[in-house]
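Let me begin by presenting the structure, written as structure tokens, before commenting on it.
Please treat every number below as a calculation from the coordinates, not as lab data. The shown structure was predicted, so the numbers you read here are calculated from the model rather than taken from an experiment. As a convention, Cβ positions derive from the backbone with ideal geometry for all residues, glycine included, and neighbour counts pool all protein chains shown.
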Amino acid sequence: MSKNGIATFLIWLSACLVTGVFLCLLMDIISQGLAGLSWAYLVESPQDAGRSGGIASIIVSSGLILLVAIATAAPLGLATAVLLTEFTTQNSTFGRFVERSLDVLAGIPSIVFGLFGNAFFCIYLGLGFSMLSGGLTLACMVLPILIRSATEGLRSTPNDYRLSAAALGMTRTSALIHLLLPTAIPALVAGLMLGIGRAGAETAALIFTSGYVDRMPDSLMDSGRALSVHIYDLSMNVAGGDANANSAALVLITFLFIINSVSSSLANHWMHRRIIRL
Amino acid sequence: MNPLFIESATPLDLAEHKTPEESYTLGPIQTGPPCCVPRTLFSIKNLSLNYGSTPALKNISLDIYEGCITALIGPSGCGKTSFLSTLNRLTDMIPDCKVTGDIRFNDINLRSSQLDVLNLRRDIGMIFQKTMPFPLSIRRNIELPLREHGINKNSELNVILQQVLQDVGLWEEVKDRLDSSALALSGGQQQRLCIARALALQPKVLLMDEPCSALDPLSSAVVEDLINRLRGRYTIIIVTHNLAQAKRIANYAGFFWVSERAGCLIEFGQCKQIFEAPAHELTAAYVNGSRG
């Protein structure tokens, strides 16, 4: 076999391996989880530590935690990205420092975020084991993803827009609002979805912050169990919870799959829509 | 009707004052057409420009006359575009770009830090080499900068929209699709839209950075014709690599050349003189095509 042939073979092999692992995982979860999945499973509350009953309260808690996380991280992330791209130069000391910090932040294991969240939000700020603490912790975690994608999106907008807007006597802010942000929307949405996906799948950071309580939450200050924590708990701590763990995992994977497809189709949609109506 | 907008019958009928052979030159200033009031609009003394420690322009001094077309010619990389950008302070946008020297516009110090740059740029429009319509509808392209400058009434906006599009000869072509994307226009149409967008702000000056070089010959001819019609109403400074074009449309011409790795102005004078009786041997070599 020629060198080229070997290289082609290896590339195909690794691609197949990656896809294969994913498919195995998916098949396993579907085969074991599909049986327990029903409408009742989605709308009923868990009983007997999750061995029976459904996951309604878990879904609500997950949603609330996500909401807190994204509502906090999205505006912060966008503002930081705007600062980095529009109001500092790329090689300014401050800009480089912020970007380096973000890279480090992105590489920190989620368990460390969990411990930090516990120490800072639960104890120091006195929010206790609550969905608010969990959501804020997740916000810290997804912030680097959001900032990175928004920065890339804004940097890839044509500099011509900035120049022509300036030449027409428009302010930077106005160019940003009317031209740059609309142009960068595909990247912003893609980043947001990526962040939601990451936050939705997070376990370790939530165990120490939003807790285990599987009751239907009354407020954000209640402890709430996220879907991923539910799966972890059922498979690790609850004997006989495996079947329901698989069903919950199937729900989570479906959710992530939907988020992924929506984000990529939204990005495509905006890419092909050549005109932005304001 | 706003007197600043060009009507098809311009009150300044240039043809009266020029014979076709001399269409590119003014002749002696005293007898020149009324487009060229011998009044200095820009007065530039010892202008130098550095990008970091790299000099891009050195000791440029020249006057730009009101109502005339001034062409800047010279090889690529000799600082013509940088020079244009100093005139509307677009150099502010470039980090570590340093401008020294004295630039006066209507006796206002252009380098003053107290200058209202946004209003200055409203007075001094700029057209770029690459056509740069915004990714918006044709209407929004014109309206966006106007709204930015406080013109918000729809009736007023519509009047301006139609006037400027008529001025650049685009109205008939686009009047039925004002709300469709400006990016769907052809290159020549896009460039005329950009000119219309600049005209809508009623500037006194138009800086044009090779406005025709990205266009096909036909569109280029249309834009050139448009520039010619703008003469007298606006002071136009045009950077061009097309010597024939400079010769056809300009009243004055400046020749830039790179010396000691910085751009400098070799010769400045009436267009006819620059092309037919250049004083400097470099100019002669460049306009005759033997150098550059």
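Which percentage, to the nearest 5, of the DSSP beta bridges contained in chain B is antiparallel?
Of the beta bridges lying entirely in chain B, close to 60 percent run antiparallel.
Quick check on the range A:202-262: take the gyration tensor over C-alpha atoms, sort the square-rooted eigenvalues as a ≥ b ≥ c, and tell me if it's rounded (a/c under 1.5), prolate or oblate.
oblate
Can you flag which of B:45/B:272; B:58/B:204; B:58/B:80; B:58/B:98 are past 21 Å Cα-Cα?
Pairs exceeding 21 Å: B:45/B:272; B:58/B:204.
About the Cα centre of the range A:37-272, how large is the charge dipole given +1 on each Lys and Arg Cβ and -1 on each Asp and Glu Cβ? Please answer in debye to the nearest 20.
Dipole magnitude for the range A:37-272 comes out near 580 debye.
Which residues in the range A:47-75 place their backbone N less than 15 Å from a point set 7 Å from the Cα of residue A:215 along the Cα-to-Cβ direction?
From the range A:47-75, the list is A:47-49, A:57-58, A:61.
With each label point set 7 Å from Cα along the Cα-Cβ vector, what nm distance links residue B:92 and residue A:42?
About 5.6 nm separates the two model spin labels.
Tell me, what is a quarter of the convex hull surface for the C-alpha atoms of chain A, in nm² with one decimal?
Convex hull of Cα atoms, orientation-averaged projection: 20.2 nm².
Just checking the output field for A:171-183: average partner chain Cβ neighbours within 10 Å of each residue's Cβ?
2
Going toward the positive end of the dipole of the range A:37-272, with +1 on Lys and Arg Cβ and -1 on Asp and Glu Cβ, which of A:166, A:97, A:119 do you reach last?
Positive-most Cα among the choices belongs to A:166.
Given Cβ point charges of +1 (Lys, Arg) and -1 (Asp, Glu) and nothing else, what value in debye, to the nearest 20, does the dipole of the range B:111-210 about its Cα centre take?
200 debye
Once you charge only the Cβ atoms, +1 for Lys and Arg and -1 for Asp and Glu, what is the size of the charge dipole of the range B:150-209 about its Cα centre, to the nearest 20 debye?
140 debye
Placing +1 on the Cβ of each Lys and Arg and -1 on the Cβ of each Asp and Glu in the protein assembly as shown, which of B:165, B:71, B:284 has its Cα farthest towards the positive end of the resulting dipole?
Going by the charge dipole, the pick is B:284.
Kindly give the semi-axes, whole Å and largest first, of the ellipsoid equivalent to chain B, taking each as the square root of 5 times a Cα gyration tensor eigenvalue.
Output for chain B: semi-axes of 30, 23, 18 Å.
Can you tell me the 0 to 90 degree angle between the C-alpha axis of helix A:181-200 and the longest principal axis of chain A, rounded to 10?
Tilt relative to chain A: about 20 degrees.
Using only Cα atoms and rounding to the nearest 10 degrees, what angle (0 to 90) does helix A:131-155 make with the longest principal axis of chain A?
30 degrees
Which of rounded, prolate or oblate describes the range A:66-123 when judged by the alpha-carbon gyration tensor and an a/c cut-off of 1.5?
oblate
What are the lysines whose alpha-carbon lies under 25 Å from the alpha-carbon of residue B:175, with same-chain residues fewer than 8 places away excluded?
B:130, B:153
With Rg and the Kirkwood Rh both taken from Cα atoms, where does Rg over Rh land for the range A:1-139?
1.13
For the range A:32-77, just the Cα set please: Rg and Dmax, both in angstrom.
Gyration radius and largest Cα-Cα distance of the range A:32-77: 14.3, 42 Å.
For peptide B:127-134, how many partner chain Cβ atoms fall within 10 Å of a residue's Cβ, on average?
Rounded to a whole number, the mean comes out at 4.
In whole Hz and in residue order, list the ³J(HN,Hα) couplings for the range A:108-125 that follow from phi through the Karplus curve 6.51 cos²θ - 1.76 cosθ + 1.60, θ = phi - 60°; x for Gly and Pro.
Karplus-based 3J(HN,Hα) across the range A:108-125 equals 6, x, 5, 5, 5, 4, x, 5, 4, x, 4, 5, 8, 6, 5, 9, 5, 7 Hz.
Whole number please: convex hull volume per residue, Cα atoms of the protein assembly as shown, in Å³.
229 Å³
Given 0.36 nm per residue, what is the gain on full extension from residue A:235 to residue A:124 after removing their alpha carbon distance, in nm?
36.8 nm
For chain B, find the longest principal axis of its Cα atoms and tell me its angle to the long axis of helix B:138-148, 0 to 90°, nearest 10.
Helix B:138-148 sits roughly 70 degrees off the main axis of chain B.
Quick one: P(r) of the range B:113-234 from all Cα-Cα pairs, 5 Å bins, percents rounded to integers, in order of increasing distance.
The percentages, shortest bin first, are 2, 12, 22, 25, 21, 12, 4, 1, 0.
Determine, for each peptide in A:22-30, B:191-199, A:126-134, B:278-286, the mean count of other beta carbons within 10 angstrom over its residues, then list the peptides with the highest first.
B:191-199, A:126-134, B:278-286, A:22-30
Return the sequence-ordered ³J(HN,Hα) values of the range B:118-133 in whole Hz as given by the Karplus equation 6.51 cos²θ - 1.76 cosθ + 1.60 applied to θ = phi - 60°, using x for Gly and Pro.
So the Karplus estimates, Gly and Pro as x, are 5, 6, 4, 6, 6, 6, 10, x, 9, 10, 9, 4, 7, 5, 10, x Hz.
Quick one: net charge around residue B:122, please, counting Lys, Arg +1 and Asp, Glu -1 for every other residue with C-beta under 10 Å from its C-beta.
-1
Which of B:101, B:169, B:254 moves the most in a Gaussian network model of chain B with Cα springs under 10 Å?
B:101
Determine, from the Cβ-Cβ distance of residue B:59 and residue B:153 and an R0 of 45 Å, the FRET efficiency 1/(1 + (r/R0)^6), rounded to the nearest 0.05.
The formula returns an efficiency of 0.40 here.
Taking the Kirkwood radius as the inverse of the mean 1/r across Cα pairs, report the Rg/Rh of the range A:87-194.
My calculation puts Rg/Rh at 1.10.
Compute the FRET efficiency between residue A:262 and residue B:76 as 1/(1 + (r/R0)^6), taking r as their Cβ-Cβ distance and R0 = 45 Å, and round to the nearest 0.05.
Between residue A:262 and residue B:76 the formula returns 0.45.
Compute the FRET efficiency between residue A:159 and residue B:221 as 1/(1 + (r/R0)^6), taking r as their Cβ-Cβ distance and R0 = 30 Å, and round to the nearest 0.05.
Efficiency, rounded to the nearest 0.05: 0.50.
Could you tell me which of A:108, A:196, A:183 has its Cα farthest along the dipole of chain A towards the positive end, charges placed at Cβ (Lys, Arg +1; Asp, Glu -1), taken about the Cα centre?
The one lying farthest along the dipole's positive direction is A:183.
If you wrap a convex hull around the C-alpha atoms of the range A:148-278 and split its volume per residue, what is the figure in Å³?
146 Å³
Of the listed peptides A:3-10, B:137-144, what is their order by residue-averaged count of other C-beta atoms within 10 Å, with the highest listed first?
Going by the mean number of other Cβ atoms within 10 Å, highest first, we get B:137-144, A:3-10.
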